[in-house]
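Have a look at the structure below, then the notes.
The values are calculated or read from the model by the stated rules, or taken from the named source; none is laboratory data. Since we're looking at a predicted model, the values are computed, not measured. Don't worry about glycine lacking a Cβ; one is built from the backbone with ideal geometry, like all the others, and counts go over all protein chains shown. For accessibility, only protein heavy atoms count, side chains too; no ligands or nucleic acids. Shrake-Rupley method; radii C 1.70, N 1.55, O 1.52, S 1.80 Å.
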Amino acid sequence: MASTLQKFIHSLDLRALPRVLQIQSGIYCQDSIYEMFGNEFSLSTEDVIKVIGFKINKLIASICENNEVSQFSAKVELPLNFPGLYKVVADKTPYVSIEEIARKVSIGPTRFGHPSFYSAKDIKLENFTIKHDEQITFNSVEEVHGIMAVNCVVIRNNQSHSLTLPLSQEGEFYECEDDQIYTLKEIAEWKIPKGRNRIVKLSTALHMWDSSSPLPENFDGCLILMPVYKVQAVMKFRKDIIHILSDLDVEVKDVTDHYDISSFLQPLSLEDIFERTSKEFPMVAQIMEGPSGNQKPYNLLSTGKEIVIYKKYQAARVLASEMRSDSSKRHYLIPMSYKGKFKRRPREFPTAYDLEIVRNEKEHLHVVATKAFTSPHEELFSVSVGDQFLVQQCQTSEVLYEGGKKLIDVLACEQILSDSYKKVLLPMYMEGGFVEVVHDKKQYHLSEICKEFHLPFNVKVSVRDLSIEKDVLAAAPGLQFEEEITDSYLLISSASSPVESWEIPVYRLNMLVHLLSKDVQTAAPPVTRTTVEEVSEEEYYMLRRYENLTIHPPPRPPKKPT
């Protein structure tokens, strides 16, 4: 049965991909040429395309009154980065089963992916009864004892109850009111159910309104949002990916069940390649969709180019950030093969406990106090701004406490006076401020710093890496090495002129290839070029969040005695 492309994509579950569609009709002439996102292609009646992915590209918005489109409202296009923060208005249309919710609503690991619903009637489970109108938070979808189910949480009398609801559970389920605020991009990615529009209310006034804004001045009402998707597809006899907007006025028919899907080229992401067994490497591939960016090697990975993929592996990187006072700091992943050298820069420490964490047996840590501290105990030292200390060791000390004596953790230091040293004890809970005095003039390689010092660690490039055409680290006023991470990489080179090889990240590079049945001329890769990878703010926080899941944080500093 034929339907518009828009209707088909709006109701399509990502898990059902790929799908083969046949063009039925459209308002365009036969062999019409379309150019979208830099791709030029033609669509004719009875042409066949294989849809391999789609995501929201923009939103069509209408001003609404009483949850209905205003008869005076014109439809306007809103890009995903359109400013403002918005509240989601709960959908009044019920869902008839848990399966419908799981199919249409985004449920995932982030805070955005935990939607809440309530049932119009009580739901009796084996050991628990969910009362009608009781909020049910959906956390994940998985197989439980061979049955697909949703893991849920119900809060009752301040107690959390974990339970599972099978997808087969039927009923009348309504969205709960959501008191969170979101950007349009977050709403587009997480809060628009498949096959439904979404009503949102502007939560904060739009600053910097100008005449080019598609919304009225001082607008503070509700909008009905309808998504327009960018559809990724493959056509027969083409070796690239085409992109089509879902509102293209054509009718399509799903012919997946009657078509040999293997007759199309099989696009593979870098994640797909990485999942192959090590025995399958090396391999030759042709790029169907290359990454964006002018940085090497990304500018060499253009559509149509053939590459050799030699191997997959895990490699260490140091995550570093520029030391700037403003918010425009840049973030980098530095490989251990980086050949430049670094000189130390002073570190800052907010507490005495931080001094203990970074204390090194090989050298005395020399610091200057930047914040005064008055000790509540006569046995411990009170600090003035400008006091200088050599940090010695952590130990315990007896202090008077509530009329008795008590042992507490302290940091033994030597206060540097004009012509002598004085032994003092600082309470470990001390909230002060210290800045390091660096006497070490040595130049270090990256691997030496990771081996000898505790991260985070402040440095500046003293000798740039001459093997890199443009060493971006050398221009930084200072760098903080934050943590050492392990990431997944593929080693590649050009198939036509394999004079050098490059490491490309598997999970941060959007690129599609298809494999060629060609023999690799030599299994040994050419010399590997060092690449310092700049990562976006979003990628930076994702890296830190992922790493912090696998590393136990240091214990909290001891509390100050009351």
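Brief remarks on what is shown
- Cα centroid separation, the range 83-115 to the range 416-471 (Å): 49
- For the cross-link pairs Lys341/Lys362; Lys50/Lys230; Lys343/Lys451; Lys121/Lys191; Lys7/Lys185; Lys104/Lys191, the ones whose C-alpha atoms lie over 18 Å apart are Lys341/Lys362; Lys121/Lys191; Lys7/Lys185.
- Amide H to amide H distances under 5 Å link Val105 with Lys194, where only residues 5 or more positions off or on other chains count and H is placed in the peptide plane.
- Percent of Cα pairs exceeding the 28 Å cut-off, where the set is the range 78-210: 21
- Charged side chains reduced to their Cβ positions (Lys and Arg at +1, Asp and Glu at -1) give the range 237-327 a dipole of some 780 debye around its Cα centre.
- Protection proxy ranking, peptides 124-130, 317-323, average beta carbon neighbours within 10 Å, highest first: 317-323, 124-130
- Take the Cα radius of gyration of the chain and divide it by 2.2 N^0.38 Å, N being the number of residues; the result is 1.23.
- Based on protein heavy atoms only, the chain ends up with 55 Å² per residue of surface accessible to a 1.4 Å probe.
- D (Stokes-Einstein, µm²/s), Kirkwood Cα radius, the range 348-436, 1.002 mPa s at 20 °C: 163
- Helical contribution to [θ] at 222 nm, DSSP H n ≥ 4, -39,500 (n - 2.57), averaged over the chain, rounded to 500: -2500 deg cm²/dmol
- Each peptide among 43-52, 257-266 gets the average number of other Cβ atoms lying within 10 Å of its residues, and from highest to lowest they stand as 43-52, 257-266.
- Charge dipole of the chain about the Cα centre (unit charges at C-beta), most positive-ward option of Met148, Gln388, Pro335: Gln388
- Per-atom-type breakdown for the chain gives carbon and sulfur 49% of the accessible area (1.4 Å probe, protein chains only).
- Area of Arg103 that stays accessible when all protein chains are in place (1.4 Å probe, Å², to 10): 90
- A straight Cα-to-Cα reach below 16 Å connects Lys329 with the aspartates and glutamates Glu482, Glu533, Glu534, Glu537, Glu538, Glu539, residues fewer than 8 places away in its own chain not being considered.
- Among 484-493, 153-162, the peptide with the highest mean count of other Cβ atoms within 10 Å heads the list, and the full ranking is 484-493, 153-162.
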